[in-house]
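Following: one structure in structure tokens, then a few remarks.
The values are calculated or read from the model by the stated rules, or taken from the named source; none is laboratory data. Keep in mind it's a predicted model, so treat the numbers as computed, not measured. Virtual Cβ from ideal backbone geometry, glycine too; neighbours counted across all protein chains shown.
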Amino acid sequence: MSHSWGHLRPDTPFAAIFPDGRVPLKAPLPIVPREAGAPRCYLVPGNELSDAQVRLLAAMLWETWQPECESVEQAAAYIRADALPLRAEWFETVGTTMRMML
């Protein structure tokens, strides 16, 4: 079993939401979440974020996701149900811990 995390750059728009800079990640490898040419992103699992973090992220990202996203509530539901892609360039480092299950 593994757990991945990333440390945000201090100048990212998300630094205030993650004061210690540490963000949970689904995997330590970035993906391209949409069409070819889109920026590489790490996936942040919504189920590992606090309610306050989800609300703040949803409010920030709703502006970007319009018109696909109709409301802040819809953005929050998406984040909670799946994972939020955050650009790889916003992270300084990414790591993982491995745990052996016996």
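At positive phi and in contact with a strand residue (DSSP E or B) (Cβ under 6 Å, 6 or more places away or on another chain): does that describe residue 21?
yes
Keeping to region 6-50, report how many residues are more than 15 Å from residue 82 (Cα to Cα) and in a strand (DSSP E or B).
Going through region 6-50 one residue at a time, the tally reaches 5.
Which one is modelled with the lowest pLDDT, of the residues in region 1-15 that are among the polar types (S, T, N, Q) and either touching a Ser or Thr at 6+ places or on another chain (Cβ under 7 Å) or closer than 17 Å to residue 46 by Cα (or both)?
The selected residue is 2.
Residue 53 - would you say it is part of a helix (DSSP H, G or I), of a type in the set (S, T, N, Q) and free of Cβ contacts under 8 Å to residues at least 24 places away in the same chain?
When the stated conditions are applied, residue 53 does not pass them.
Answer yes if at least one residue in region 62-69 is at pLDDT 90 or above, of a type in the set (Phe, Trp, Tyr) and surrounded by 14 or more Cβ atoms within 10 Å (Cβ to Cβ), and no otherwise.
no
Within region 1-34, take every residue that is farther than 18 Å from residue 55 by Cα and hydroxyl-bearing (Ser, Thr, Tyr) and give me the one that is nearest to the chain's Cα centre (by Cα).
Checking each candidate, the answer is 4.
Taking only region 59-93 into account, find how many residues are within 17 Å of residue 33 (Cα to Cα), in a strand (DSSP E or B) and among the acidic types (Asp, Glu).
0
Of the residues in region 28-50, how many are of a type in the set (Val, Ile, Thr) and in contact (Cβ under 8 Å) with a residue 24 or more places away in the chain?
2
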